[in-house]
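Take a look at the structure below.
The values are calculated or read from the model by the stated rules, or taken from the named source; none is laboratory data. Note that this is a predicted model, so its numbers are computed, not measured. Cβ sites come from the backbone with ideal geometry, for glycine too, and all protein chains shown count toward neighbours. Each accessible area value is taken on the protein alone, full model and side chains, heavy atoms only, with ligands, DNA and RNA left out. Shrake-Rupley method; radii C 1.70, N 1.55, O 1.52, S 1.80 Å.
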Amino acid sequence: MDRNVTTAPDLGAAKPLPKAPTGIAGFDDLTLGGLPRGRPTLVCGGAGCGKTLFAMTFLLNGIQRFDEAGVLMSFEEAAEDLAANVASLSYDVAGLIAEKRLVIDHVRIERSEIEEAGEYDLEGLFVRLGHAIDSIGARRVVLDTPEALFAGFSDEGVLRAELRRLFGWLKDRGVTAVITGERGAGQLTRHGLEEYVSDCVILLDNRVHDQVTTRRLRVIKYRGSAHGTNEYPFLIDEGGISVLPITSAGLNHKTYNEAVSTGVTGLDTMFGAGGYYRGSSVLISGGSGNGKTILAAHFAEAMCQRGSRCLYFGFEEGPDQLIRNVRSVGIDLSPHLSAGLLRFETARPSFYGLEMHLARMHRDIEQFAPGAVVVDPISAFRGPEVEVHATLLRMIDILKTRGITAVFTNLCGEEHQPSHGEHGLSSLMDTWISLRTIEADGERNRALYVLKSRGMAHSNQIREFVLTAEGMCLREIYTGPGGVLTGSARVAQATREQAEAAARVRDAARRRRQFETQKNALERQIADLQAALEKEAEELAAFSAEAEEHEAGLARDQVTMSASRRSAE
């Protein structure tokens, strides 16, 4: 007896899902290539969150960057309005239409003119859309809020069936489609079906927290592909849409042995490598007026002088004010700004939320491609410490993956011991320089010390520094009886030591004079004694000669007398 055997089809080796890049910065990274090619994608969200702009960007980038013609069918905005909306992004909609690479079809729907009668279907829409696709060979299609088609109908069963049929028709045509939809109550869309029949669902959100707006994007689902699952902040500005896709880049970034100058000669010598490691993160903390910004400006100037670009994020001072202020200490940043090596990005911290600041900074880094970044100060960011910590962690990951040396300034208290907040921030940093104020003898003096510097030996000394017309200058260590001295105490101690040294010199000179006097007196005495001794020796010699002569005379007389006696005999 024959058996009916059912065998599984041979699916062959698994192939990666084909994708259509959107050209939206960051989005293609988190979706690992873009939207599913030949399948429908739902982009949903509330009013003003950027659904239409996202869809238009996908369509126009496909035409200009990937040579894929596109069709936009709008159910709310006219073609002229859509073209005007994206004109500021350098998209020439009229030119693309004239080149037959783009078709915009506005389907005008007036709810007051709709009357429900008989069975309802989308056959007319399919014919109209199919003609537009065939006329230019479109590969991409955007349907902007097609739910307007169903505004006047009450039969939900028909609506759901026609929506399912619409998505199936798009997939059968093999076009990469983006359908936008309004956020519903308790569901992603008004009818609650689009998210189930779509192969990819993207949720855009425009959230307000503490009166600050932050736009966020999340990929709800993506059939057949891995993707980023978190919420990601995104920007809508003069550059279009950009998404920050990086939650954390991990710890596998490249490290460098090359050192870059701090911009202060005396400070370079406090590091074993002769400066900061390239690609490291540096924290400069201290109280108000301690010179944090000036030290950061020294670093920015040094990087520009070596021909490297520097991006300066300022949250307290505008560019002109900052340039003027640091010029007073001999730092002139204007030539580097004019040469394009230095760029300032300044904004009040309250203008954006933490994630929006991070997204803007990420975009600016991508555009400017700097070798160094200064963030002045991070203490300007307001929010829970955990969120600030997470934001800085993501920023440091972004910088480290690009080998960018970063200097962060942080306003802290005047205590001599690091605060709890500083400890939390310092754990993210490779190098930590603390600027402190030392109060003594009725004056305040500035000092710095290196708390840590990963990967290199560093000085453990507290160094006094002064701000002069030539910049920040570190003074040599001066230790007195009471320890390290600064300011007028240092001057007074130096004066005392100089006076004591001068007194010692005078005392030595006096003693030397006394010695010379005594020496001269003794030398004179010795000379007199020597002369007397020589005189005595001369007298002794004369006496001896006389005695010898006398003895000789006596001897002669005796001889004579002896001779005389012998003659008499």
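All of T213, T189, T180 fail the test of being among the hydroxyl-bearing types (S, T, Y), at pLDDT below 65 and in the same structural domain as A79 (by TED's automatic domain parsing), apart from T189. For V484, the conditions (1) open to solvent by less than 40 Å² (accessible area, probe 1.4 Å); (2) at pLDDT below 85; (3) within 30 Å of S328 (Cβ to Cβ); (4) out of contact with any strand residue (DSSP E or B) (no Cβ under 7 Å at 6 or more places or on another chain) are fulfilled apart from (1).
Farther than 29 Å from C412 by Cβ, free of Cβ contacts under 8 Å to residues at least 60 places away in the same chain, out of contact with any Gly (no Cβ under 6 Å at 6 or more places or on another chain) and not acidic (D, E): is that true of N325 in this structure? Spelling it out, it is not the case that N325 is farther than 29 Å from C412 by Cβ, free of Cβ contacts under 8 Å to residues at least 60 places away in the same chain, out of contact with any Gly (no Cβ under 6 Å at 6 or more places or on another chain) and not acidic (D, E). Across region 375-395, which residue is least open to solvent (accessible area, probe 1.4 Å) among those that are in a helix (DSSP H, G or I) and farther than 20 Å from D430 by Cβ? Selected residue: A380.
The sole residue among A489, A527 that is open to solvent by less than 100 Å² (accessible area, probe 1.4 Å), at pLDDT 85 or above, among the hydrophobic types (A, V, I, L, M, F, W, C) and out of contact with any helix residue (DSSP H, G or I) (no Cβ under 7 Å at 6 or more places or on another chain) is A527. Consider region 323-349 and keep the residues that are out of contact with any Phe, Trp or Tyr (no Cβ under 9 Å at 6 or more places or on another chain) and outside any loop (DSSP other than H, G, I, E, B). The one that is surrounded by the most Cβ atoms within 10 Å (Cβ to Cβ) is V326.
Of the set (1) closer than 17 Å to T57 by Cβ; (2) acidic (D, E); (3) modelled with pLDDT under 85; (4) surrounded by 15 or more Cβ atoms within 10 Å (Cβ to Cβ), all apply to D81 but (4).
Of the candidates G403, G353, the single residue that is of a type outside the set (D, E), modelled with pLDDT under 95 and open to solvent by less than 10 Å² (accessible area, probe 1.4 Å) is G403.
Taking each residue of region 299-318 that is free of Cβ contacts under 8 Å to residues at least 60 places away in the same chain and assigned by TED's automatic domain parsing to the domain that holds S288 and looking for partners that are of a type in the set (A, V, I, L, M) and open to solvent by 10 Å² or more (accessible area, probe 1.4 Å) with beta-carbon atoms closer than 8 Å, six or more apart or interchain, yields C304/A339; C304/L341; G307/L341.
When you look at L295, is it within 20 Å of the chain's Cα centre (by Cα) and within 30 Å of P36 (Cβ to Cβ), yes or no? No, not satisfied.
Within region 123-142, the set of residues being basic (K, R) and touching a Leu at 6+ places or on another chain (Cβ under 8 Å) comprises just one member, R140. For region 287-322, filtering for residues that are assigned to a helix (DSSP H, G or I) and surrounded by fewer than 19 Cβ atoms within 10 Å (Cβ to Cβ) leaves 4. Of the residues making up region 276-286, those that are in contact with an Asp or Glu (Cβ under 6 Å, 6 or more places away or on another chain) and surrounded by 24 or more Cβ atoms within 10 Å (Cβ to Cβ) number 3. So, G353, is that one at positive phi and more than 16 Å from the chain's Cα centre (by Cα) or not? No: the conditions fail for G353.
Output the residue which, of all residues in region 74-108 that are without any contact (Cβ under 8 Å) to a residue 60 or more places away in the chain and among the charged types (D, E, K, R), is nearest to E147 (Cα to Cα). The qualifying residue nearest to E147 (Cα to Cα) is R108.
Going through (1) buried (at least 16 other Cβ atoms within 10 Å of the Cβ); (2) closer than 20 Å to P370 by Cα one by one, E258 falls short only on (1). On inspection, G274 passes the criterion of being over 19 Å from V375 (Cβ atoms), touching a strand residue (DSSP E or B) at 6+ places or on another chain (Cβ under 6 Å) and not in a strand (DSSP E or B).
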